[in-house]
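Presented below is the structure to which this report refers.
The values are calculated or read from the model by the stated rules, or taken from the named source; none is laboratory data. Keep in mind that what you see is a predicted model, and the values were worked out from it rather than measured. For neighbour counting, all protein chains shown are included, and Cβ atoms are generated from backbone atoms with ideal geometry for every residue, glycine included. Please note that ligands, DNA and RNA were not included when accessible areas were found on the heavy atoms of the full protein model with its side chains. Shrake-Rupley method; radii C 1.70, N 1.55, O 1.52, S 1.80 Å.
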Amino acid sequence: MVMVKEPLAGRDQLRLQDLFKEAQNVQEVITLFLATLELIKTQELILVQEESFGDIYLMEKKEESQVAQS
């Protein structure tokens, strides 16, 4: 899961397809995808897609205290 969260560190968002660009084989793509799903399931990350067929972005889920301060 570190391989998913590390590229997102210090950024507001990351395009999902950019996460898979570094994968060297199909097994790595599958592993990254499953790790991403798990982080979404545990609510550590959220996915945002602003329009149909548009890019999908990964974002770290903000704590309620962080949202109130924004």
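For the condition of a type in the set (Phe, Trp, Tyr), modelled with pLDDT of 90 or more and surrounded by 14 or more Cβ atoms within 10 Å (Cβ to Cβ), what is the one hit in Phe53, Phe33?
After applying the criteria, what remains is Phe33.
Given Gln27, Gln13, Gln43, which one is modelled with pLDDT of 90 or more and open to solvent by less than 100 Å² (accessible area, probe 1.4 Å)?
Values: Gln27 fails: open to solvent by less than 100 Å² (accessible area, probe 1.4 Å); Gln43 fails: open to solvent by less than 100 Å² (accessible area, probe 1.4 Å).
On inspection, the qualifying residue turns out to be Gln13.
Go through the range 5-28 residue by residue and tally those that are part of a helix (DSSP H, G or I) and under 21 Å from Val48 (Cβ atoms). I'd like the intermediate steps shown before the answer.
Going residue by residue through the range 5-28, those that are part of a helix (DSSP H, G or I) are 5-8, 16-21, 26-28.
Right, trim to under 21 Å from Val48 (Cβ atoms) and you get 5-8, 16-21.
Residues flagged as part of a helix (DSSP H, G or I) and under 21 Å from Val48 (Cβ atoms) within the range 5-28 amount to 10.
What pairs can you find where one residue is in the range 48-70 and more than 22 Å from Met3 (Cα to Cα), the other is assigned to a loop (DSSP other than H, G, I, E, B) and at pLDDT below 85, and their Cβ atoms are less than 8 Å apart, with a gap of 6+ or different chains?
Ser70/Lys62
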